Amino acid sequence: MPLNQTNRRLRLTAAIAVLPLAGGCGLFPDRSLDYREEPLGEPLQVPEDLSRASFESEYVIPQVRGDATVEQDGEFEIPRPPDLTGQIMENNYQVSRSGDLSWLIVNDVPGRVWPAISDFLNDRGVEVAYGDPRAGVQQSGVLNRSARVREWLGIDRLDQERPLILQVRVAYGVQSRSTEVQARLRVVEGSPGERLEWREDVEYAGREQRVLKDLADYLEANADTKTYSRVALDLPRDERVNRDREGGETQALELDLAFDRSWAEVEQVLGSMELTVVDRNRSEGVWYLDLRTEEQRSRGWWLWRYQAEAEINAELRLQQSTGGYRLTLAPRETLEQADRPAQVLDSLYESLR
């Protein structure tokens, strides 16, 4: 058979084989947007005698903005995922301090932290007189009676005349799936016959921070020998950061925290965001920001391209409100992106939770 005729037959065979593949897109309907027609399922109903904690999602699903729309022709811009890098802790046991207040953040649930604290106190020679896992508080006996404890906490002769007890409180952290631990040293009149109410004021800042640092070291060294307390898992889990939304945009954040904690939490998140903090005034509760993006600050062309100097064009302000503090972001001038403040507040919200 001539070579040319053979080549023609091979080309014809290849063309016939490709035809079904080329028409395949028309044979199978596009179902990528069918999810819009699916009904929402009913929330899971849990009996009153059971805790919802065991049924909650392992990974928190962030709230989405309700003003997004999808065109009928199926063409739309996929929204960018929220920036969750602020939730990644540098280590699993992190002691923070703001003013006199110190706290330990543990990257685990309270049910695992509670028993480890009891073990830590016993390891330091501290007698646990009262433990209430539902309130999240462990209370020692009088510390002055133990020479080992006096040496650990630096209780001198002057303090010998003032009986001290130690309280350690465990609660859910600001961010999801984390635990917050605080410590308080309190002067008492003799041995208390009951668990005392927790007090927010700090009297022995340095010693309380030492307790938390030693606790962090102990937890890290014994990370593989954790036990579990289901009762401590039932601790109240109230949202401590909420959004105030209007017209589909975030107007402010409500923080159910004291000022020192609110400032420290926001300051930490700002450090992890791609946002320019030009200056800050802690006494006034204000961060001075440059809300321009990197592209908007870019100047020049090609090899001569550079970033313009940062300038203050917005104020992030922390103001006292009912039950906590309110975080607002106010531009000083008209921005190219009118929704830029709402976007920044949304990013702060996702990182703080």
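Scan the stretch 195-218 for residues that are among the acidic types (Asp, Glu), touching a strand residue (DSSP E or B) at 6+ places or on another chain (Cβ under 7 Å) and surrounded by fewer than 16 Cβ atoms within 10 Å (Cβ to Cβ) and report the count. Before the answer, list the steps.
So in the stretch 195-218, the residues among the acidic types (Asp, Glu) come out as 197, 200-201, 203, 208, 214, 217.
Okay, now just the ones that are also touching a strand residue (DSSP E or B) at 6+ places or on another chain (Cβ under 7 Å), so 203, 208.
Still in the running and surrounded by fewer than 16 Cβ atoms within 10 Å (Cβ to Cβ): 203.
Residues flagged as among the acidic types (Asp, Glu), touching a strand residue (DSSP E or B) at 6+ places or on another chain (Cβ under 7 Å) and surrounded by fewer than 16 Cβ atoms within 10 Å (Cβ to Cβ) within the stretch 195-218 amount to 1.
I'd like to know if the stretch 337-353 contains one or more residues that are in a loop (DSSP other than H, G, I, E, B), within 26 Å of the chain's Cα centre (by Cα) and under 19 Å from residue 175 (Cα atoms). Spell out the reasoning first.
Filtering the stretch 337-353 for residues in a loop (DSSP other than H, G, I, E, B) gives 337-339, 353.
Filter again for within 26 Å of the chain's Cα centre (by Cα), leaving 339, 353.
Imposing the further condition that a residue be under 19 Å from residue 175 (Cα atoms) reduces the set to 353.
Yes - at least one qualifying residue is present in the stretch 337-353.
Pick from the stretch 154-206 the residues that are among the hydroxyl-bearing types (Ser, Thr, Tyr) and more than 30 Å from residue 347 (Cα to Cα): which of them is modelled with the lowest pLDDT? Quick ask: steps written out before the conclusion?
Applying the first criterion (among the hydroxyl-bearing types (Ser, Thr, Tyr)) to the stretch 154-206 yields 172, 176, 178-179, 191, 204.
Okay, now just the ones that are also more than 30 Å from residue 347 (Cα to Cα), so 191, 204.
Numbers: 191: 79, 204: 92.
Step by step, filter the stretch 154-206, then rank; the result is 191.
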- Message: I'd like to verify a number: residues in the stretch 316-353 that are among the basic types (Lys, Arg) and closer than 15 Å to residue 241 by Cβ, how many?
- Response: 2
- Message: Going by what's in this entry, would residue 126 be described as in a helix (DSSP H, G or I), in the same structural domain as residue 215 (by TED's automatic domain parsing) and touching a strand residue (DSSP E or B) at 6+ places or on another chain (Cβ under 9 Å)?
- Response: no
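So which of 195, 169, 177 is under 27 Å from the mean Cα position of the chain (by Cα) and part of a loop (DSSP other than H, G, I, E, B)? Explain how you work it out, then say what you get.
On the way: 195 fails: under 27 Å from the mean Cα position of the chain (by Cα); 169 fails: part of a loop (DSSP other than H, G, I, E, B).
Testing whether each residue is under 27 Å from the mean Cα position of the chain (by Cα) and part of a loop (DSSP other than H, G, I, E, B) leaves just 177.
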- In this structure, does residue 98 turn out to be crowded, with 17+ Cβ neighbours inside 10 Å, hydroxyl-bearing (Ser, Thr, Tyr) and modelled with pLDDT of 90 or more? no
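The values are calculated or read from the model by the stated rules, or taken from the named source; none is laboratory data. These numbers were taken from a predicted model, which means no experiment stands behind them. Please note: Cβ atoms are built from the backbone with ideal geometry, for glycine as well, and neighbour counts cover all protein chains shown.
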